[in-house]
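To start, the structure under review is shown below, and the notes come after it.
Bear in mind that the values in this text are calculations on the coordinates, not laboratory data. Predicted, not measured: the structure shown is a model, and the values here were computed from it. No Cβ is skipped: glycine too gets one built from the backbone with ideal geometry, and neighbour counts run over all protein chains shown.
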Ligand code: APR
Ligand code: PHB
């Protein structure tokens with residue numbers, strides 16, 4: 001079997017890449033180890049930058065997103081007994097975000113790939129990468145797929161990055177000493193906009209998915225398990241952290257899903273070796289505080305699509321050679337922003353009273369200075 005681009009992983013990166021390539025007349029095969037049902041149900045973040053929405057709409061997969069996505073023009077930062085709005089419409093006019101679950105993006109992309117006759121294979125076993133230096137091919141479940149280029153879109157735990165020879169990639173990473181417990185609840189959001197809350201008990205986030213479904217996160221110890229968090233404990237803790245301003249009551253409801261997400265930052269450089277190009281979580285992850293993971297994956301595959309189109313159309317490798325550098329600029333901006341949001345809003349065990357005062361001082365600055373608020377807003381909605 002032969003294709004132009006062999007893609008490992010049917011997350012947002014792999015699926016969108018396959019679709020964007022199809023629109024440019026380039027063939028691909030997507031190999032995914034999980035089932036279709038599994039990837040369509042995997043609950044992740046749900047904040048899409050303007051540029052991400054534009055890419056999905058232009059690719060013809062934005063119809064339901066436009067109908068069901070929730071446009072947001074601000075967020076609230078809550079701390080010290082008060083809420084402060086970061087007003088995108090004033091600080092970054094014309095730019096906003098859309099709240100739409102990542103698994104909805106995945107469903108829309110799978111439907112579009114299949115409707116266009118795309119080759120997406122689920123439950124594929126033992127994908128392995130070969131011949132990266134000259135003649136790349138993939139093997140899986142007893143089959144062989146020859147290709148011109150391999151795209152490693154298989155997330156942080158995939159096989160593509162580990163198949164690069166030792167010593168080629170530089171790794172930059174940081175683990176945070178806490179995790180996020182995330183829940184989906186069948187209850188109308190108690191706020192129209194996202195609320196990022198810093199309290200002495202730790203961070204909490206109120207987000208949403210629809211007029212009847214809310215999404216919440218709690219900062220928990222790094223080794224926390226869902227078993228330690230029965231529903232009543234979750235609601236009590238969310239109330240203790242979010243009901244920290246007068247007059248705000250958190251509505252509760254049935255919890256439909258629970259999960260613990262580790263907080264980690266990771267980047268490899270370069271995002272390429274021989275005929276292998278890494279995209280999305282395979283190359284970098286951010287702590288979810290800035291909601292950048294999916295947006296970075298989309299930005300990577302946009303750059304990769306243009307580079308591959310130039311290569312297949314006229315043999316030019318200039319854009320492919322510049323792929324890693326072009327992506328890493330955005331990746332590092334997002335790394336810094338995610339680190340900054342995380343540091344601003346979480347409690348750290350080793351923090352002394354001096355450190356806490358610095359944190360509060362910065363929060364006061366961000367919520368009172370237009371210059372500082374603009375820094376937050378322009379990063380949050382996404383750099384051009
Ligand atoms: N063989 C085939 N598929 C694999 C393998 C493998 N050995 N290992 C992993 N995969 C699949 C995973 O099952 C998953 O469906 O690769 C896919 C990677 O998808 P994601 O983890 O969603 O990563 P990505 O597409 O880069 O999207 C980035 O997703 O992880 C979130 O928060 C992250 O929002 C960000 C976005
Ligand atoms: C989410 O809605 O899942 C979400 C929102 C904002 C974040 C992270 C996750 O920063």
How much length, in nm to one decimal, is gained on full extension between residue 168 and residue 356, taken as 0.36 nm per residue of separation minus their Cα-Cα distance? 63.7 nm
Helix 323-345 sits off the longest principal axis of the Cα atoms of the chain, rounded to the nearest 10 on a 0 to 90 degree scale, by 20 degrees
Subtracting the Cα-Cα distance from 0.36 nm times the residue separation, let me have the gained length for residue 332 to residue 90 in nm, one decimal. 84.5 nm
Whole-number percent relative contact order across the stretch 121-243, with pairs defined as alpha carbons under 8 Å at least 6 apart: 17 percent
Taking every pair of distinct Cα atoms and averaging 1/r, then inverting, what Kirkwood hydrodynamic radius in Å comes out for the stretch 118-199? 17.4 Å
State the Cα centre-to-centre distance between the stretch 23-53 and the stretch 149-188 in whole Å. 15 Å
Estimated inter-spin distance, residue 225 and residue 175, nm [label 7 Å along Cα→Cβ]: 1.8 nm
Mind giving me the nanometre distance, one decimal, between the label points for residue 200 and residue 135, set 7 Å out from Cα along Cα→Cβ? 6.9 nm
Inter-site label distance for residue 314 and residue 126 at 7 Å from Cα along Cβ, in nm: 4.4 nm
Note on the stretch 175-330: the mean projected area of its alpha-carbon convex hull, in nm², is 11.6 nm²
Using the alpha-carbon atoms, what tilt in degrees (0 to 90, nearest 10) does helix 231-242 show relative to the longest principal axis of the chain? 70 degrees
Whole angstrom only: what separates the Cα centroid of the stretch 55-110 from the Cα centroid of the stretch 326-384? 19 Å
Need the full-extension length gain, residue 213 to residue 245, defined as separation in residues times 0.36 nm minus the C-alpha distance. One decimal, nm. 9.3 nm
Hydrodynamic radius (Kirkwood) for the chain, which is based on Cα pairs only, to one decimal in Å: 21.7 Å
Which shape class, rounded, prolate or oblate, goes with the stretch 17-65 when its Cα gyration tensor gives a ≥ b ≥ c as root eigenvalues, a/c under 1.5 marks rounded, and past that a/b bigger than b/c marks prolate? oblate
When averaged across all projection directions, what area in nm² does the alpha-carbon convex hull of the stretch 25-143 cover? 11.7 nm²
Per the 1/(1 + (r/R0)^6) rule, R0 = 22 Å and r from the Cβ atoms of residue 375 and residue 82, FRET efficiency to 0.05 is 0.60
